[in-house]
């Protein structure tokens, strides 16, 4: 069951979103301070801007523009402002709530035993197509297709044997961004705050 939208106390017509930036502040590349990222979004006219951890998660409110058009707008904005080839996946609050609600049974339930990740897919990549490129090692990994995401879990004790790292060499890797389950659920809480 998908959670109902939280009551929105923001201006009429404003929709809560999260922008998941791909490939910033990783391995010393595309370094962006979160304060600069917030300022960039605010200067572009977005409201209620907040960031969560250094990996490029921005919650914000926007009117009218949504989906791929909003992603393209943000990519242009970030590329111009920070001088890198930005790639962004955007989800509305309700879309993120559906990702959390529709996770496979037990997903996220044993954080001491398993590592849980959500692979957020950038359109036009679909979960069915992405699953063709994802290799899951028997006895270690589990991968499940969702709506615009893949759910991936692996045994913590055998994480070094996981096939998740093989995804980096696949062409689809440039069309997704990964967040762990804890970050995913905290982003939903941030959108609801």
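The values are calculated or read from the model by the stated rules, or taken from the named source; none is laboratory data. Here the structure is a predicted model, which is why all the values come from computation and not from measurement. All Cβ positions, even for glycine, are placed from backbone atoms using ideal geometry, and neighbour counts span all protein chains on display.
In region 120-135, is there at least one residue being under 30 Å from residue 75 (Cα atoms) and in a strand (DSSP E or B)? Walk me through it before giving the result.
Start the filter on region 120-135 by keeping residues that are under 30 Å from residue 75 (Cα atoms), which leaves 120-135.
Pick out the ones that are also in a strand (DSSP E or B) and you get 120-121.
Yes, because at least one residue in region 120-135 is under 30 Å from residue 75 (Cα atoms) and in a strand (DSSP E or B).
When 69, 62, 143, 109 are checked against the criterion of being modelled with pLDDT under 95 and not in a helix (DSSP H, G or I), a single residue qualifies: 62. Filtering region 55-83 to residues that are touching a residue at least 24 places away in the same chain (Cβ under 8 Å) and within 16 Å of residue 34 (Cα to Cα) leaves 55, 56, 57, 58, 59, 60, 74, 77, 78, 81, 82.
Can you name every residue in region 74-106 that is assigned to a helix (DSSP H, G or I) and over 17 Å from the mean Cα position of the chain (by Cα)? Residues satisfying the conditions are 76, 77, 79, 80, 81, 82.
With respect to residue 187, determine if the residue is within 20 Å of residue 89 (Cβ to Cβ) and touching a residue at least 40 places away in the same chain (Cβ under 8 Å).
Working: within 20 Å of residue 89 (Cβ to Cβ): yes; touching a residue at least 40 places away in the same chain (Cβ under 8 Å): yes.
Taking the combined requirement at face value, the residue satisfies it.
Within region 145-154, the set of residues being surrounded by 17 or more Cβ atoms within 10 Å (Cβ to Cβ) and in contact with a helix residue (DSSP H, G or I) (Cβ under 8 Å, 6 or more places away or on another chain) comprises 145, 146, 148, 149, 150, 152, 154.
Please pick out the residue among 89, 118 that is touching a residue at least 60 places away in the same chain (Cβ under 8 Å), buried (at least 18 other Cβ atoms within 10 Å of the Cβ) and not assigned by TED's automatic domain parsing to the domain that holds residue 58.
Details: 89 fails: not assigned by TED's automatic domain parsing to the domain that holds residue 58.
Unique residue meeting the criteria: 118.
Selection within region 13-30: residues that are modelled with pLDDT of 80 or more and under 18 Å from residue 87 (Cβ atoms). The member of this set that is surrounded by the fewest Cβ atoms within 10 Å (Cβ to Cβ) is 22. Counting only residues that are without any contact (Cβ under 8 Å) to a residue 40 or more places away in the chain and in contact with a helix residue (DSSP H, G or I) (Cβ under 8 Å, 6 or more places away or on another chain), which one in region 121-144 is surrounded by the fewest Cβ atoms within 10 Å (Cβ to Cβ)? Taking the candidates together, the pick is 139. Inside region 155-184, residues that are touching a residue at least 60 places away in the same chain (Cβ under 8 Å), surrounded by fewer than 15 Cβ atoms within 10 Å (Cβ to Cβ) and either touching a helix residue (DSSP H, G or I) at 6+ places or on another chain (Cβ under 8 Å) or over 19 Å from residue 102 (Cα atoms) (or both) make up a count of 1.
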